[in-house]
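Encoded as structure tokens, the structure appears first; notes follow it.
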Amino acid sequence: AIEEYKEVKERYDFLNAQVTDLNTSKEEFSSTVTRLEKEMRTRFLDVMAQINTNFQTVFAELFGGGHAELILSEPENVLESGIEINVAPPGKIIKKLSLLSGGEQSFVAIALLFAILNVNPTPFCVLDEVEAALDEVNVDRVAEYAKRYSQTTQLIFITHRRGTMEAADM
């Protein structure tokens with residue numbers, strides 16, 4: 001009985017130490033996750049604000065006026081929130097992005113892309129037929145606007161549009 005008690009006691013002590021280690025690890029893990037979520041929230045909101053500011057500027061430059069903004073659909077739950085895009089081209093009041101023409105929707109997407117590139121430049125960016133739905137005037141606007149990024153980002157346009165090809169350096 002004494003030897004059996006010693007074996008059971010050793011096993012109990014070993015398992016008890018394991019439980020203590022697991023509880024400590026769980027607490028450390030939980031605090032790390034909480035800290036990371038807080039940092040992700042902060043960084044996301046900072047970058048979101050920068051992109052929103054740039055989006056408003058780029059949109060107004062490309063469209064020749066108007067208003068654009070990015071809004072979190074659930075501001076209280078930032079990490080799981082959707083992002084709503086509200087735009088109003090000059091002379092229009094739009095409640096839904098789907099009410100814009102295909103060309104206007106493409107133009108909004110291009111404005112958002114350039115706003116993101118302003119915040120987080122990349123060495124190169126491949127744009128495949130992004131201006132396909134645009135009219136000639138807006139194709140020329142996009143091509144001229146894209147030249148601003150030639151010092152920091154290599155933009156590779158895959159296109160059939162004459163205005164884009166004429167504006168390209170190569």
Subject >> Residues being part of a helix (DSSP H, G or I), surrounded by 15 or more Cβ atoms within 10 Å (Cβ to Cβ) and among the hydrophobic types (A, V, I, L, M, F, W, C) - total across the stretch 132-148 >> reply: 4
Subject >> Considering residues of the stretch 1-31 that are modelled with pLDDT of 95 or more and among the aliphatic types (A, V, I, L, M) only, the residue least open to solvent (accessible area, probe 1.4 Å) >> reply: Ala17
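Of all residues being of a type in the set (A, V, I, L, M) and over 21 Å from Met48 (Cα atoms) in the stretch 78-111, which is surrounded by the fewest Cβ atoms within 10 Å (Cβ to Cβ)? Just the residue, please. Explain how you work it out, then say what you get.
First, the residues of the stretch 78-111 that are of a type in the set (A, V, I, L, M): 78-79, 83, 85, 87-88, 93-94, 97, 99-100, 108-111.
This time we only want the ones that are over 21 Å from Met48 (Cα atoms), so: 93-94, 99-100.
Numbers: Ile93: 8, Ile94: 16, Leu99: 11, Leu100: 17.
Ranking the qualifying residues of the stretch 78-111, first place goes to Ile93.
Yes or no, residue by residue, for (1) in contact with a Phe, Trp or Tyr (Cβ under 6 Å, 6 or more places away or on another chain); (2) among the hydroxyl-bearing types (Ser, Thr, Tyr); (3) closer than 23 Å to Asn86 by Cα; (4) at pLDDT below 90:
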| position | (1), (2), (3), (4) |
| --- | --- |
| Ser101 | no, yes, yes, yes |
| Ser106 | no, yes, yes, no |
| Ala111 | yes, no, yes, no |
| Pro123 | no, no, no, no |
| Val142 | no, no, yes, no |
| Thr152 | no, yes, no, yes |
| Phe157 | no, no, no, no |
| Asp169 | no, no, no, yes |
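Does Phe124 satisfy the condition of being closer than 21 Å to Phe157 by Cα, open to solvent by 60 Å² or more (accessible area, probe 1.4 Å) and aromatic (Phe, Trp, Tyr)?
Details: closer than 21 Å to Phe157 by Cα: yes; open to solvent by 60 Å² or more (accessible area, probe 1.4 Å): yes; aromatic (Phe, Trp, Tyr): yes.
In short, yes.
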Original post:
Hey, among the residues in the stretch 32-77 that are in a loop (DSSP other than H, G, I, E, B) and over 21 Å from Gly103 (Cβ atoms), which one's most open to solvent (accessible area, probe 1.4 Å)?
Top reply: Glu76
Original post:
Is it true that some residue in the stretch 21-35 is under 25 Å from the mean Cα position of the chain (by Cα) and not hydroxyl-bearing (Ser, Thr, Tyr)?
Top reply: yes
Original post:
assigned to a loop (DSSP other than H, G, I, E, B), open to solvent by 70 Å² or more (accessible area, probe 1.4 Å) and of a type outside the set (Lys, Arg), is that true of Thr152?
Top reply: yes
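Taking the stretch 78-105 as the region of interest, how many residues are part of a helix (DSSP H, G or I) and closer than 15 Å to Phe59 by Cβ? Spell out how you get there, then give the answer.
First pass over the stretch 78-105, keeping only residues part of a helix (DSSP H, G or I): 78-80, 97-99, 102-105.
From what is left, the residues that are closer than 15 Å to Phe59 by Cβ are 97, 103-105.
Qualifying residue count for the region: 4.
The values are calculated or read from the model by the stated rules, or taken from the named source; none is laboratory data. From a predicted model like this one, the values you see are computed outputs, not experimental measurements. Here Cβ is always computed from backbone atoms with ideal geometry, including for glycine, and neighbour counts include all displayed protein chains. Each accessible area value is taken on the protein alone, full model and side chains, heavy atoms only, with ligands, DNA and RNA left out. Shrake-Rupley method; radii C 1.70, N 1.55, O 1.52, S 1.80 Å.
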